[in-house]
Amino acid sequence: MKMLSIKPEISRFEKFEEFASEFKIGQGDLVITHEFLFDEFMLPLKLEADFCFQEKYGGEPSDEMIDKISSEYKNEKCQRVFAIGGGSVIDIAKILVLKDVTNTLDVFEKKIPIIKDKELIVVPTTCGTGSEVTNISIAKIVSKETKMGLAVDELYPDYTAIIPELLLGLPFKYFAYSSIDALIHAVEAYVSPKANSFTELFSVKAIEMIIDGYVKIIEKGQEFRSEIIEDFLVASTFAGVAFGNAGVGAVHALSYPLGGKYGVPHGEANYQIFTGVFKVYNQKDPNGKIAKLNQLLADKLGVDNSEDIYDILETLLNKITTKKELRVYGMKEEEIDIFADGVIAGQQRLLANNYVELSRDEIAEIYRKLY
Ligand SMILES: [Fe+2]
C-alpha cells in the first residue's frame, strides 16, 4: 500500500523577483494569475510571458471557464504553465497542462486520454488550498450544478514555490476562509481510513500550526497575521500533503452543492459544514481514531477533552470568521433532500474517505441541523 507521495520540488523565495529570475519566466510560458498580483509583482519585471487574469472569466473555476481560457490562450509553443494565485487559479492551470483540452467536461469524465504535455509550476497566494502539492483539480460542472474533482497523477505540479511576500496583501476574509480550509484538510485527512503514520505527521503539524496561529491573531489583532503568514502558508502545504495522500471526506462532499448551486466560496462553504459532520462522527464512533483527534484539539485549545470539543473549537473559529445558517446563502428547505441525494450520487470519491459511513438520511440530517 502506498503511504506517501510528494511529487513537486518545493522551494522558498524571499521575493517574487528572485523566483521569476530563477525560473526564467519568459516566452513560451503561460502565467495564470490575478491582475492585482500582476500589477504589483510581475509588471515591473517586464516578463515576456503570456498572462491570463483568472477573475476576467468569473469566480470559482467551471468547465465552461476552462474551455474559454483554453481556446483563447491556445499556443503550440507553450511549454510551461505557471499558476500564481489561489485554489481557482491552480485548478485551472492543472487542466491547461493537458494535451488537447477543448471540452473540460470530457476531461473530468475521463472520456478523452489524459496526457500531460507541459510543465506546471505552482505558487500559492492564499494559505488554504494545498493544491500546490496535490494531483487534484476541482471545477464546477455548469450543466450538473455541482462540483467535480479529477484526481490523476498527470495533475501533480512539477515545482512549487513558497513566497510569503505574495500573501501580505491578502484581505483578512480570504485569509480566514483559506486557512480554515487548510485546517479542515488536515482534520479530514487525519481521520480518513487512508491515513497512515506519514500523513498523520503532516496533519498533526498543520493542525497545531493553524490553531496556534489563530490564538496569536485573536490575542494580538488581525494585522498580526502578516508576521506569521509563512507559518500559515507552510501549514497549508503540510495539510495539502496530508489530504493529497489520505483524502478529504464528508465536509468537502457536503459543501460542494453549496458552492455549485449558490456560489459559496470553497473555504466558506466548508466551514459551514465542518463541525456539523464531526459532531456526528463523534456520536457514531467516539472511541476510534477521532478520540486521538479530540485529545489533540483539547490539548491545543487548553480545555478538557469532552463531548463538546467541536463547540469549543467553533467558538475559537468564530473569532476568525462567522458561521451562518445555510438558508442565509439562499438554500431552500426542500433542497435538504435534493442535496443529500446529490452527494450520495456524485461524491462517492470523497465519501470513501469518511471516518465512519454516513447514510443518505444522516447526511440529510446534517444539512437540516445546519439549515
Ligand atoms: Fe478544501
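Just so you know, all these numbers are worked out from the coordinates, no wet-lab data involved. The structure displayed is predicted, hence computed values, not measured ones. So basically every Cβ, Gly included, is an ideal-geometry build from the backbone, and we count neighbours across all protein chains shown.
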When you count, for each residue, the other Cβ atoms within 10 Å and take the mean per peptide, how do 77-84, 23-30 rank with the highest first?
77-84, 23-30
Selection from PHE53, GLN295, TYR271 lying farthest towards where the dipole of the chain points positive, charges on Cβ:
GLN295
In degrees, nearest 10, range 0 to 90: what is the angle between the Cα axis of helix 360-370 and the longest Cα principal axis of the chain?
90
Among 264-273, 228-237, 315-324, how do they line up by average Cβ neighbours within 10 Å per residue, starting with the highest?
264-273, 228-237, 315-324
Among 34-46, 152-164, what's the highest-first ranking by average C-beta atoms within 10 angstrom per residue?
152-164, 34-46
Among SER255, THR125, ILE312 the positive-end extreme of the charge dipole of the chain (Cβ point charges)
SER255
Amide H partners (placed H, <5 Å) of SER11, local residues excluded:
THR160, ALA161, ILE162
Which FRET efficiency value, to the nearest 0.05, do you get for PHE224 and ASP337 by plugging their Cβ-Cβ distance into 1/(1 + (r/R0)^6) with R0 = 30 Å?
0.10
About the Cα centre of the chain, how large is the charge dipole given +1 on each Lys and Arg Cβ and -1 on each Asp and Glu Cβ? Please answer in debye to the nearest 20.
460
Fully extended, how many nm does the chain gain between GLU55 and GLN79 (0.36 nm per residue separation, minus their Cα-Cα distance)?
6.3 nm
Shape of the stretch 18-132 from its Cα gyration tensor (a ≥ b ≥ c, root eigenvalues): rounded if a/c is under 1.5, otherwise prolate when a/b > b/c, or oblate?
prolate
The stretch 261-290-the stretch 32-98 distance, computed between alpha-carbon centres (Å):
32
Given the options ILE115, PHE38, SER88, identify the residue whose Cα lies farthest towards the positive end of the charge dipole of the stretch 1-116 (+1 on Cβ of Lys, Arg; -1 on Cβ of Asp, Glu).
ILE115
Between GLY247, GLY221, GLY85, which gets the highest mean-square fluctuation from a Gaussian network model of the chain, Cα cutoff 10 Å?
GLY221
Contour excess over end-to-end distance, with Cα ends at GLU22 and ASN196 and 0.36 nm allotted per residue
59.1 nm
Work out the P(r) tail for the chain: percent of alpha carbon pairs separated by more than 41 Å, whole number.
9
Please give me, ordered by residue number, the GluC sites (Glu not before Pro) of the stretch 335-371 that lie in loop per DSSP and have at most 14 other Cβ atoms within 10 Å.
GLU357
With respect to the cross-link table entries LYS24/LYS300; LYS111/LYS324; LYS24/LYS68; LYS68/LYS116; LYS68/LYS319; LYS216/LYS284, which display a Cα-Cα separation exceeding 31 Å?
LYS24/LYS300; LYS111/LYS324; LYS68/LYS319; LYS216/LYS284
Under the classification rounded if a/c is under 1.5, otherwise prolate if a/b is larger than b/c and oblate if not, where does the stretch 197-318 fall, given a ≥ b ≥ c as square roots of the Cα gyration tensor eigenvalues?
rounded
Given the options GLU60, GLU307, GLU334, state which has the largest fluctuation in a GNM of the chain using a 10 Å cut-off (strictly under) for Cα springs.
GLU334
